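Enquirer: Here you go, one structure.
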Amino acid sequence: MCFMKYFIMTIWTALLLSMVGCSQEEIPSLSEESAEIVPVKISLGGDLIQTEESPLSRAETESRDLYGIQVYRGGDYFAYGMFDNTNDITINLLADGIYSFECTAIKDGKDVLDSYYTWPFRCYGALSDLGFFEYSWYHFEDLDTNSAGIGNYGRYCREINRYYGRLSNYTPSVNGVVNMELKRVSFGIKLKVTNLQEGTVSVTCKNDYNTFINKSGLTSDYESEGEVYSMANVYDAWQYAANDYTEPLILTVTWDREGGLISDTWTKTIQVKRNVMNTIRIKMGTDEKEDTGIGVTPEGGDEGEEEEEIPLG
């Protein structure tokens, strides 16, 4: 932290820190540029707002969420900042520029990430506190990747409830608002094994980045708690959110019977959908007339009932 503070002081002539959100008092001026300075508000909505409308378990003043915003002027880095709430996020823009914005949000980020300044908020430069660093080519590096700083290993597709969004070609105006719609770029997954009357069953479900289910030695019917993970392709999950975006996982089921003398293994590629709790339903067969079935459905009740997509909570 001492190095970071020293580093910031050495580039003070190039950087002006605008502390916004929880601690903004005034908007600084910019002496190096002759263009008019236009303060605009950044509003975050979309799937994020739908989640915010849910009952909260703690006072809103105790927000544990984290938001990272990257701003570009033309094709150049212009500003970056981290926030812990969406109230009164304001930035100074130069009137003669065209801007693009990129944002990612992690629900309960202060609790689930190892630190505030790790993936996906790892920064090329220095970030000492919440707020914007304006007029800077220093920037976030990982806002559109599937990485998250949880533990020392396996930092991809981790257990986070994540949102992402972009906005391009914004021209600032007096009293303007940058309206960014964030899409949830996470999926839920849970396991349900039924009709297991003999032997043991083991189930794994994974992709190239992480293992989402690893359950072995089941001897009776089983239903897991639902877990939420980041999608593997954050950018595509946002870009194709309206098209029922899905990603493939590899599911492997092994059924051992008669003390391991008989063993059957099924491997199947399944698709998990963004923004829903995907239930992997495995129905074991006990004889030749009753086949083992493997399927994935959005959460919506038991088999035979109407399926209904339920957004992750």
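Values quoted throughout were computed directly from the atomic coordinates according to the rules given, and no laboratory measurement underlies them. Every value quoted in this text rests on a predicted model; they were computed, and no experiment measured them.
Enquirer: Considering every Cα-Cα pair within region 72-206, what fraction, in whole percent, is farther apart than 27 Å? Please report the intermediate quantities before stating the final value.
Expert: Details: 2931 of 9045 pairs.
Roughly 32 percent, rounded to a whole number.
Enquirer: Oh, and also: Enter the Cα centre distance for the pair region 58-114 and region 165-194, rounded to the nearest angstrom.
Expert: Cα centroid to Cα centroid, the span is 12 Å.
Enquirer: Using alpha carbons only, what's the Rg to Rh ratio of region 136-229 with Rh from Kirkwood?
Expert: Details: Rg = 20.4 Å, Rh = 17.1 Å.
When Rh is taken as the Kirkwood radius, the ratio is 1.19.
Enquirer: Now for a different question. Under the definition of Cα pairs under 8 Å and six or more residues apart, what whole-number percent is the relative contact order of region 219-290? Could the numbers behind the result be given before it?
Expert: Numbers: 57 pairs, mean separation 19.3, N = 72.
Normalised by residue count, the contact order of region 219-290 is 27 percent.
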